Amino acid sequence: MKLGPALRFPTLLAAAFVALLPQTASAQAPSTPQVRELAQGPTTAEIQEAEGRFLEGRTLFTQGRFGDALVKFQQACAMRRTANCFKNLGLTEYQMGRYADASTHLREFLKSGSGQGDITEEMLAKLKGMYETSFARSGHVEVTAPPRARIVVEGKEIGDAPLSDPIDLSLGDHVVEAHFGPHVLKENVRLVQGQTAKVTFVDPDAHRREEAPPMRPDRPGHSSARTITLVSLYGVALVGVGLGIGLTLHGEARSNDADAIRNRSSLGDNGCNGVSSADCNELHSLRDTYDKDRMWATIGFATGAGLAALATTLFFVWPNTTKNEPATPQTATPGGRFMPLISPSTAGLGYVGRF
């Protein structure tokens, strides 16, 4: 039977597409290491089932039942993914006018290079032409988003940013989403034929990190040294004051003892001048003890007061730096700081810094 031109052209076109498909699934499977690697280790039963679905799809393709053929190819690829899966899907989608899907699958096949050694240069050129046509007849979205943002288009997960290729979509309106943890950002795009729209997503928490005050560098031991120094100074000051109080009380007791002896012996303040007696010797001893107590008490009070004043000054001028403390305008980049200077022979306060 001789076909007319209207019937002969689709038939020849279908035959050309079949020529681009694998002749049989089993012809490629065991003998090619590259295909075995892509197969992801299917069982023998799965390989046989995939071959059966592929053969059914090829038959449906030759009959022009492209929608049914696409279902069979999808099932075969789900069971056993080979180098030709993207090619088979892309060719069938191209025949159906699903140019966005065809663009995606044909691009993946051409980029991978897998399976291209099994086809002629003429067939490869046809595939490239189909890809260019599919790309021109569909819309595309180029997404820019922070790393690891999950990109979703109308419920279909595309992948994590950054995406290596634009997203191929049908013409019309679409909603592109970027998922940042609990945040979901959305952008509406309207695509026209051959257009590549650009969508940029910004991490919603980025401005908070930028506005956060700079963290002061951690200076190990700085805060603990401040605390130890202040506690030590206040402790020694307290000991000095306590010593002064104790010696003052001891001196007063010796003064009371001396008054008791003078009253008992009827001696006045100068009654022992030029006189040598037991009471006078005891009075002299008590006066010496009283004078020494007064002297050391004065030293204790003066030392305690000085150290307490020094510790109080350090408390206000020595910055209390802790780990990861936010810097303030006054302490972010200090030019210097007060530090205690203590040695076996001296003690004081110094200002240390960069000048």
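The values are calculated or read from the model by the stated rules, or taken from the named source; none is laboratory data. All values reported here derive from a predicted model rather than from experimental measurement. Heads up, the Cβs are rebuilt from the backbone with ideal geometry, glycines too, and the neighbour counts pull from every protein chain shown.
Worth a mention:
- For the criterion of being exposed (fewer than 13 other Cβ atoms within 10 Å of the Cβ), out of contact with any Asp or Glu (no Cβ under 8 Å at 6 or more places or on another chain) and at pLDDT below 85, residue 225 fails.
- Residue, farthest from residue 119 (Cα to Cα), within the range 64-88, restricted to residues that are touching a residue at least 24 places away in the same chain (Cβ under 8 Å) and either in contact with a Gly (Cβ under 7 Å, 6 or more places away or on another chain) or surrounded by fewer than 16 Cβ atoms within 10 Å (Cβ to Cβ) (or both): 67
- For the range 130-154, the tally of residues that are part of a loop (DSSP other than H, G, I, E, B) and either in contact (Cβ under 8 Å) with a residue 24 or more places away in the chain or under 16 Å from residue 97 (Cα atoms) (or both) stands at 5.
- Qualifying residue in the range 112-129 (condition: surrounded by fewer than 16 Cβ atoms within 10 Å (Cβ to Cβ) and in a loop (DSSP other than H, G, I, E, B)): yes
- Only one of 106, 91 that is crowded, with 20+ Cβ neighbours inside 10 Å and touching a residue at least 60 places away in the same chain (Cβ under 8 Å): 91
- Any chance residue 157 is touching a residue at least 40 places away in the same chain (Cβ under 8 Å) and in a strand (DSSP E or B): no
- Cβ-Cβ under 8 Å pairs, at least 6 apart or on other chains, the range 291-313 side touching a residue at least 40 places away in the same chain (Cβ under 8 Å) and more than 15 Å from residue 242 (Cβ to Cβ), far side outside any helix (DSSP H, G or I) and of a type outside the set (A, V, I, L, M, F, W, C): 310/340
- Any hit, the range 243-262, residues being surrounded by fewer than 17 Cβ atoms within 10 Å (Cβ to Cβ), at pLDDT 80 or above and under 60 Å from the mean Cα position of the chain (by Cα): yes
- Only one of the numbered conditions (1) surrounded by 13 or more Cβ atoms within 10 Å (Cβ to Cβ); (2) more than 38 Å from the chain's Cα centre (by Cα); (3) of a type outside the set (Lys, Arg); (4) not assigned by TED's automatic domain parsing to the domain that holds residue 68 is violated by residue 153, and that is (2).
Quick grid of which residues meet (1) farther than 26 Å from residue 92 by Cα; (2) at pLDDT 90 or above; (3) assigned by TED's automatic domain parsing to the domain that holds residue 86; (4) not basic (Lys, Arg):
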| position | (1), (2), (3), (4) |
| --- | --- |
| 119 | no, no, yes, yes |
| 124 | no, no, yes, yes |
| 131 | no, yes, yes, yes |
| 160 | yes, yes, no, yes |
| 175 | yes, yes, no, yes |
| 180 | yes, no, no, yes |
| 195 | no, no, no, yes |
| 212 | yes, no, no, yes |
